[in-house]
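Engineer: I'd like to ask some things about the structure below.
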Amino acid sequence: METLMLKCQPIMEKTTGLKLNPAYTFARIYKNGDVLKRHKDRFSCEISTTMNLGGDPWALYLSPNENVGKPNDKDITAASKAKGIKVDLKPGDMLVYSGCELEHWRNKFKGKECIQVFLHYNNRKTPGAKDNIFDKRSHLGLPSWFKK
């Protein structure tokens with residue numbers, strides 16, 4: 001998936017109007033009954049995209065409420081009751097969002113499975129972005145626990 005992150009970087013830069021540093025990726029197969037709790041992301045997810053690779057539909061909700069869910073190292077779960085903006089992604093659709101600023105979640109999944117890939121970047125102008133390239137790994141392809 002990290003190759004996909006690098007291939008999508010020019011598209012992400014054009015879409016956002018920002019010069020970006022790649023951080024990390026992951027893919028997930030969600031199963032019936034899964035829930036994505038309301039949260040805001042850590043610094044490595046400053047500029048993010050999620051792409052639907054297939055499966056049953058599962059709406060994502062975004063809320064621009066800046067007063068909730070300030071992330072920290074211990075707990076990134078937010079306590080907002082905001083209704084949010086519903087986003088439905090079809091296979092091949094990609095949503096670009098600011099994961100550190102926008103509270104986001106998914107309600108209980110009622111389908112069989114939903115496959116998503118997540119690509120994360122930092123704005124090169126954000127303080128700390130230079131030190132966070134590849135999520136502080138020395139190069140791509142290393143596990144998340146391997147830091148410089």
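Engineer: Please count how many residues of segment 95-111 are out of contact with any Leu (no Cβ under 8 Å at 6 or more places or on another chain), in a loop (DSSP other than H, G, I, E, B) and not hydroxyl-bearing (Ser, Thr, Tyr). Talk me through it step by step, then tell me what you get.
Structural biologist: The initial filter retains those residues of segment 95-111 that are out of contact with any Leu (no Cβ under 8 Å at 6 or more places or on another chain), namely 96, 98-101, 107-111.
With the extra rule that they be in a loop (DSSP other than H, G, I, E, B), the set shrinks to 98-101, 107-111.
Now restrict to residues that are not hydroxyl-bearing (Ser, Thr, Tyr): 99-101, 107-111.
The number of residues fulfilling the criteria is 8.
Engineer: Does Ala78 satisfy being farther than 21 Å from Asp135 by Cα, at pLDDT 95 or above and of a type in the set (Gly, Ala, Ser)?
Structural biologist: Numbers: farther than 21 Å from Asp135 by Cα: yes; at pLDDT 95 or above: no; of a type in the set (Gly, Ala, Ser): yes.
Spelling it out, it is not the case that Ala78 is farther than 21 Å from Asp135 by Cα, at pLDDT 95 or above and of a type in the set (Gly, Ala, Ser).
Engineer: With respect to the numbered conditions (1) under 16 Å from Arg42 (Cα atoms); (2) free of Cβ contacts under 8 Å to residues at least 60 places away in the same chain, which one is the sole condition not fulfilled by Ile85?
Structural biologist: (1)
Engineer: I want to confirm something. Restricting to segment 16-35 and keeping residues that are touching a residue at least 12 places away in the same chain (Cβ under 8 Å) and loosely packed, with under 14 Cβ neighbours inside 10 Å, which single residue is nearest to Gly128 (Cα to Cα)?
Structural biologist: Among residues in segment 16-35 that are touching a residue at least 12 places away in the same chain (Cβ under 8 Å) and loosely packed, with under 14 Cβ neighbours inside 10 Å, the one nearest to Gly128 (Cα to Cα) is Lys19.
Engineer: Would you mind finding the one in Glu2, Glu13 that is without any contact (Cβ under 8 Å) to a residue 24 or more places away in the chain and surrounded by 13 or more Cβ atoms within 10 Å (Cβ to Cβ)? Show your work before the answer.
Structural biologist: Values: Glu2 fails: without any contact (Cβ under 8 Å) to a residue 24 or more places away in the chain.
Exactly one of Glu2, Glu13 is without any contact (Cβ under 8 Å) to a residue 24 or more places away in the chain and surrounded by 13 or more Cβ atoms within 10 Å (Cβ to Cβ), namely Glu13.
Engineer: State whether the residues of segment 38-48 include one that is in contact with an Asp or Glu (Cβ under 9 Å, 6 or more places away or on another chain), at pLDDT 90 or above and of a type in the set (S, T, N, Q).
Structural biologist: yes
Engineer: Something else about it: With respect to Leu140, determine if the residue is modelled with pLDDT of 85 or more, under 24 Å from Leu18 (Cα atoms) and over 16 Å from the mean Cα position of the chain (by Cα). Give the derivation first.
Structural biologist: Details: modelled with pLDDT of 85 or more: yes; under 24 Å from Leu18 (Cα atoms): yes; over 16 Å from the mean Cα position of the chain (by Cα): yes.
Judged against the criteria, Leu140 is a match.
The values are calculated or read from the model by the stated rules, or taken from the named source; none is laboratory data. Nothing here was measured: the structure is a model prediction, and the numbers come from that model. Please note: Cβ atoms are built from the backbone with ideal geometry, for glycine as well, and neighbour counts cover all protein chains shown.
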